[in-house]
Every structure is written in structure tokens, then in C-alpha cells.
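What follows is calculated from the coordinates using simple rules that are stated; it is not laboratory data. Please read all numbers here as calculations on a predicted model, not as lab measurements. All Cβ positions, glycine included, derive from the backbone under ideal geometry; neighbour counts span all protein chains shown.
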Amino acid sequence: MHVKKGDLVKVLAGRDKGKEGHIVQAFPKENRVVVEKVNLVKRHQRPTAENPEGGIITKEAPIHVSNVMKVCTSCRKPTRIAHKFLDDGKKVRACKHCGATLD
Ligand SMILES: [Zn+2]
């Protein structure tokens, strides 16, 4: 995947198009990510010992990685990922706009 947990991303499609948030959970096998405050769904919860009232809770649902783009921490633009190699041969992600290293 081009993004991972902790990345700041912009949502490109769906109900929350245009929103930005950090990835709080990633599911590489399913190519899905959970982005904070994005794709919120209401869940009806039964009363439990910890929460005797039960009721409705809102929670983020995963969205497909193709619907998000990483936001460059340097130029603040949503960017596609370029790859570059450091002097020690390590491969890192880089911004297509400004070339900043994103790892
Ligand atoms: Zn940049």
C-alpha cells in the first residue's frame, strides 16, 4: 500500500471527500484503511457491564486506499508517492511535488 498507519491523508471520494485525517488503522490485505473522523457509521450497542446504558456509538469504518492520497508533510499538498533511495540504500517514500522524504 502507498499509505500506512499514522499517515496524514486526504479523502478523494465518497461521503467525506475533501476531508483530511490520520490513518488510525491499516488493513494491507484488504487494501483498506481507517481514517480518523472519516466514514463514520452509527452502531447500536447492547448494554454491557462497562456501558450499562448501551445506545448508539459512532465509529470509523474502513475505506479503500485508492480513495485516499497521502498529504505531503512538507508542502501540504496531496501527492502521489515517488520512491527514492537514501545513501545507505534504504528505499523511502517521497513527495512528487517537492521531493521531500515522507518516511
Ligand atoms: Zn511535498
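Report the residues of region 48-82 in range of a label on E30: point 7 Å along Cα→C-beta, backbone N strictly under 19 Å from it. It comes to 57-69, nothing else.
For an R0 of 22 angstrom, estimate the FRET efficiency from the Cβ-Cβ distance between T58 and H22 and round to the nearest 0.05. Intermediate values should be presented prior to the final figure.
Numbers: r = 17 Å, r/R0 = 0.79.
Here the calculated transfer efficiency is 0.80.
Within region 1-102, the GluC sites (Glu not before Pro) that combine a DSSP coil assignment with at most 11 other C-beta atoms in a 10 angstrom radius are E30, E50, E53.
If you place +1 on the Cβ of every Lys and Arg, -1 on the Cβ of every Asp and Glu, and leave all else neutral, what size is the dipole of the chain about its Cα centre, to the nearest 20 Debye? Before the final figure, lay out each step's value.
Working: 22 positive and 11 negative charges, 84 e Å.
Around 400 debye, computed over the chain.
Of the residues K37, K91, K59, the one that moves most in a GNM of the chain with alpha-carbon contacts below 10 Å is K91. Each label point was placed 7 Å from the Cα along the Cα-to-Cβ direction; for K84 and T101 their separation is 0.9 nm.
Residues whose amide H lies under 5 Å from that of D16, counting only those 5 or more places away or on a different chain, are N39; hydrogens are built 1.01 Å from N in the peptide plane.
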